[in-house]
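What follows draws every value from the coordinates through simple rules; no lab data is involved. Because the structure is a prediction, the values reported are computed rather than measured. Don't worry about glycine lacking a Cβ; one is built from the backbone with ideal geometry, like all the others, and counts go over all protein chains shown.
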Amino acid sequence: MLAGGLGHGPDAAAADPEDQVERLMSEAGAARKAGDLDKAVTLLEELYKLKPMAVILNNLGRLYVELGWYAEAVAAYQKVADDTEADMKLRALDTTRLVELKPKLGRAWLKIAIHPDGSRLWIDGREPERWQADEVGLAPGKHVLEMREAKGNVAHLMEVSLPTDRRTTMNVDLKKLTAHPRGAINLSGEREALKELRLNGVVVAQPLAGLDKLTLPAGEATLELVFKDDKTVSEVLDVQPGEASALQIAAPKALPKAPLPVVPEAVPESNTLSWILIGVGAAAAAAGGGLLIDGTMSSSKLNDAMANQSPVTSFSQKEAQELRERANLEGTVGLAALSVGMVALIMGMIVSLSGPSQPEAAIKQVEAPLSLAPGLDGSVRIRWRF
């Protein structure tokens, strides 16, 4: 009966709305069963316009979820939940579904199947958990996928653009990714020296030591090679469709270390001042000591002769007075020379011990430690200050 009605064309279908509703429901069910969800959605949306029932909108919501159209599914379930004329059980069911779906809004979702089985996946350089079983939530926009076979030495990279509030479904066969218009980069050299490899700013997954090849979209490719000593080398390659570019990896050689400058050992300068002071002081002290002793002995003999009242016959009274004055003068000069000599000698020793950088301080610290003064009777008084 339905088939006969369809044979009369659009006018016959329009003349019987119930037949049209039945047709749309039947075709939508068949499309869903065949896995053609897009066609099923189109048919149900047309059906809902003819007969806006909550049950049809609920079925549309379920198709949206299967397709990963989460914003559309939330809108459909929300209408059912707010419809006061809808069945209460259906409203409650769709309210529960809204709680599960609303957290998916504002994000992009990826569901990917990779062949052969056991292959690995990295998204923007990171390996997501449970990606084989569940969809992966990501920020909307562009992302780089890296895929490798379980024990393969080839990394396949591709860029995908993921929309907001929707799930993108992909089915990838790695055996077919080397076909045009993709290109490749063959890697050779010291791959074990690499710490990190970045392709257009995205980190290529480890391990790198056994990686022989990168397949990627054609175009300019910027590679940053980060070695284990943290040195970075950049290479820009023009990857052509269906062709392979070569990249020889060589760790940068360390520059030879410059020899340390030889600094000659510091040779202490001879302390000329100290030796001058010591020499002059010793000479002055010796000369002064000699004069002092000679004058003292002469004065002592004259004093002894006068004290014993021994006759003085060898020289006159005038000569005796001159002898005394001469002895006193020798004692005074000798004493002065001895004092100056001793002071110079001690200063020279202090300067020698204190080093060449402190002569002035040493001189300031010396304040006549030795003083000699003649007595009125020709004796010598020695004072030592310490």
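Go through (1) over 56 Å from the mean Cα position of the chain (by Cα); (2) surrounded by 18 or more Cβ atoms within 10 Å (Cβ to Cβ) and name the single condition residue 90 misses.
Every condition holds for residue 90 apart from (2).
Taking residue 185 and the conditions (1) closer than 30 Å to residue 225 by Cβ; (2) without any contact (Cβ under 8 Å) to a residue 60 or more places away in the chain, which numbered condition does it fall short on, given that it satisfies the others?
Here residue 185 clears every test but (2).
When you look at residue 80, is it free of Cβ contacts under 8 Å to residues at least 60 places away in the same chain, more than 22 Å from residue 167 (Cα to Cα) and within 58 Å of the chain's Cα centre (by Cα), yes or no?
Yes, satisfied.
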